[in-house]
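Q: Okay, handing you the structure first.
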Amino acid sequence: MHRRLFISFAFLASLMLRGAQPSAHDSASYDQLYRPQFHFSPQKHWTNDPNGLVFFEGEYHLFFQYNPFGDQWGHMSWGHAVSRDLLHWKELPVALPEEHGVMIFTGSTVIDERNTSGFCKGGKPCMVAIYTGHTPAKGAKRALETQNVAYSNDRGRTWTKYRQNPILDLHLSDFRDPKVFWSQQKKRWTMVVALPNQHKVRLYASPNLKRWTAISEFGPAGAVGGQWECPELFELPLRGSTDTRWVLKVGLNPGGVAGGSGEQYFVGRFDGQHFKNDNPSSLTLWTDYGKDCYCALTFNGLTKNRSPVMIGWMDNWQYASKLPTAPWRGQMTLPRKLSLRRTSDGIRLIQNPLDALASLRSERVDLNLNASLALPERAFQLSVTHDVKHLREIGWKLLVKDDAYATVGYDRSKGVVFVDRARSGQTGFSPAFPQRMEAPLHLAGSVLSLDIVVDRSSLEVFADGGRITMTNLVFPAEGAYGLQFYSISDDGNLVTGPPPPASLWRLRSAH
């Protein structure tokens, strides 16, 4: 959440915000050229970070940074959408509006099953949101960021802000993005929150979500080229083992691996008080090698037999305000299931599309006979497994129209998987957009696996079973339905003949 200078006018009271927000009954068209069909995007206006992801009473709640008044960053409030399957979303009225000159920045939501907070009524669990309140600088008075609480007793439909907010105030301009969860080890609430300019995250503990005590810090470590934001701490199973590790994920802006905003993660152990990194502090592990995945967060409230599910903001602060979309600006990534896998380099984060995506498959297309074809839409999933032993490069040109296309491929000579969108359609709105992104991928053998999900204005690539993820926006011309395969041999010649076996499914709209 790289913050832009913005003046919040005090006269914009809660009543005005609620009058400007989208109604749950508004009918919005989702047929715009670049409108995603199964990724969440608001009906209209600006969105950035996902907030407060939580599962409660059969509903997934997605809160999100939202400007109820326009398609540029400002008047930050929490938008709100709910889903039963993480694909079909219903947008609800604004949950937490900007009030009294205090914007509602990123945070998290928990289910207070034990009523530790005293906010719950009728002997039932309630929802508690912990968020950063941002008061912009005014005159000689600098900006202020504090941590605050709100609660809901009607499944998140209405919210009450705690009268004694803020619950944490260090008198800092940069102190934000609390992720809160219940610590089974210590039987208390744990908060991880960013000290952006110090390249640290601080951990706090609380018995009741209102009184917090600092218990430890982590950092600096890994990449420190920009501010640290959007921290996240969660436990994951280690594949092929009954063991687990903890993952501490931290946003970085600027200084991402592909430029602009990006995210890194640390693998280690958490005893309820301290996070200990298993790797050298100099090692940087990136969650995504594309340009467009930031502030990814996991859902609270999932049952113990469920692997964590993560959603991020599909954008980059280098050009977020310039995207050629209307009447909305901003969208979320696919929900991703997470695990850890032991590799030759060490334990690494694994991300894959949620299994529920298969429910949107409408038709399987045979690609085994044609190196080139046209699809009638720009929403599909392409899965490829191919032996690249005698190839220098293999790739797919996607969303082809005339001489414009985006390329996803693997360069065996360099040991990298890549996404090239330099000539993918509309790219001139920012010099940071037309770019080739690369991720190191040295195969254990010679078989390459790629899972590519396309949704009108986005490409998400999951390579080597999800060990490498690359998320990128694209804005192809209308009618860009072509798909072409190519491969280059070790001696540099273009290989002719049919493409390798692959599976392609057309994906239906979730709207």
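The values are calculated or read from the model by the stated rules, or taken from the named source; none is laboratory data. On a predicted model such as this, the values are computed, not experimentally measured, just so you know. Positions of Cβ are backbone-derived with ideal geometry, glycine not excepted, and every protein chain shown enters the neighbour counts. Note: areas computed on protein heavy atoms with side chains; ligands, DNA, RNA excluded. Shrake-Rupley method; radii C 1.70, N 1.55, O 1.52, S 1.80 Å.
Q: The conditions are (1) acidic (D, E); (2) surrounded by fewer than 16 Cβ atoms within 10 Å (Cβ to Cβ); (3) part of a loop (DSSP other than H, G, I, E, B), and D288 fails exactly one of them. Which is it?
A: (2)
Q: Select from region 72-103 the residues that are part of a loop (DSSP other than H, G, I, E, B) and small (G, A, S) and write down the one among them that is farthest from E145 (Cα to Cα).
A: Among them, the one singled out is G74.
Q: R239 fails exactly one of the following numbered conditions: (1) under 22 Å from K304 (Cα atoms); (2) charged (D, E, K, R); (3) at pLDDT 95 or above. What is the number of that condition?
A: Only one criterion is unmet by R239, namely (3).
Q: Please enumerate the residues belonging to region 388-398 that are open to solvent by less than 10 Å² (accessible area, probe 1.4 Å), aliphatic (A, V, I, L, M) and part of a strand (DSSP E or B).
A: The answer is I394, L398.
Q: Restricting to region 362-387, and then to whatever is in a strand (DSSP E or B) and charged (D, E, K, R), can you tell me which residue is farthest from S509 (Cα to Cα)?
A: D387
Q: Out of (1) more than 23 Å from M191 (Cβ to Cβ); (2) surrounded by fewer than 21 Cβ atoms within 10 Å (Cβ to Cβ), the odd one out for H75 is which?
A: H75 satisfies all of (1) more than 23 Å from M191 (Cβ to Cβ); (2) surrounded by fewer than 21 Cβ atoms within 10 Å (Cβ to Cβ) except (2).
Q: Let me ask something else. Here is a list: Y60, Y66. Which entry is open to solvent by 10 Å² or more (accessible area, probe 1.4 Å), hydroxyl-bearing (S, T, Y) and not in a loop (DSSP other than H, G, I, E, B)?
A: Unique residue meeting the criteria: Y60.
Q: Let me ask something additional. Might you let me know whether region 80-101 holds any residue that is within 18 Å of the chain's Cα centre (by Cα) and under 22 Å from Q164 (Cβ atoms)?
A: Taking every residue of region 80-101 in turn, none turns out to be within 18 Å of the chain's Cα centre (by Cα) and under 22 Å from Q164 (Cβ atoms).
Q: Could you tell me how many of the residues in region 291-334 are in contact with a Pro (Cβ under 8 Å, 6 or more places away or on another chain), assigned to a loop (DSSP other than H, G, I, E, B), closer than 28 Å to L238 by Cβ and open to solvent by less than 10 Å² (accessible area, probe 1.4 Å)?
A: Final tally of qualifying residues: 1.
Q: Further question: So is Y481 touching a Gly at 6+ places or on another chain (Cβ under 7 Å), modelled with pLDDT of 90 or more and open to solvent by 20 Å² or more (accessible area, probe 1.4 Å) or not?
A: Judged against the criteria, Y481 is not a match.
Q: Residues that are under 12 Å from the mean Cα position of the chain (by Cα) and on the phi > 0 side of the Ramachandran plot: does region 335-346 have at least one?
A: no
Q: Any idea which residue in region 400-414 is farthest from P476 (Cα to Cα), counting only those that are open to solvent by less than 20 Å² (accessible area, probe 1.4 Å) and within 26 Å of the chain's Cα centre (by Cα)?
A: That would be Y410.
Q: Of the residues in region 134-162, how many are over 24 Å from the mean Cα position of the chain (by Cα), assigned to a loop (DSSP other than H, G, I, E, B) and either closer than 13 Å to S117 by Cβ or among the small types (G, A, S) (or both)?
A: So the count comes out to 6.
Q: Something else now. Mind listing just one residue for me: the one in region 103-118 that is under 19 Å from R163 (Cα atoms) and without any contact (Cβ under 8 Å) to a residue 60 or more places away in the chain and, of those, most open to solvent (accessible area, probe 1.4 Å)?
A: Among them, the one singled out is N115.
Q: Taking region 344-355, which residues are surrounded by 15 or more Cβ atoms within 10 Å (Cβ to Cβ) and closer than 16 Å to Y60 by Cβ?
A: P353, L354
Q: Only residues that are buried (at least 16 other Cβ atoms within 10 Å of the Cβ), of a type outside the set (A, V, I, L, M, F, W, C) and assigned to a strand (DSSP E or B): list them for region 184-215, please.
A: R188, T190, K200, R202, Y204, S206
Q: Of the conditions (1) assigned to a strand (DSSP E or B); (2) on the phi > 0 side of the Ramachandran plot, V417 satisfies every one except a single condition; which number is it?
A: Of the numbered conditions (1) assigned to a strand (DSSP E or B); (2) on the phi > 0 side of the Ramachandran plot, the odd one out for V417 is (2).
Q: When residues of region 306-349 are filtered for being of a type in the set (A, V, I, L, M) and closer than 17 Å to Q264 by Cβ, how many remain?
A: The total comes to 5.
Q: Taking region 489-505 as the search range and keeping residues that are more than 14 Å from D387 (Cα to Cα) and in a strand (DSSP E or B), which one is farthest from the chain's Cα centre (by Cα)?
A: Only one residue fits best here, namely L494.
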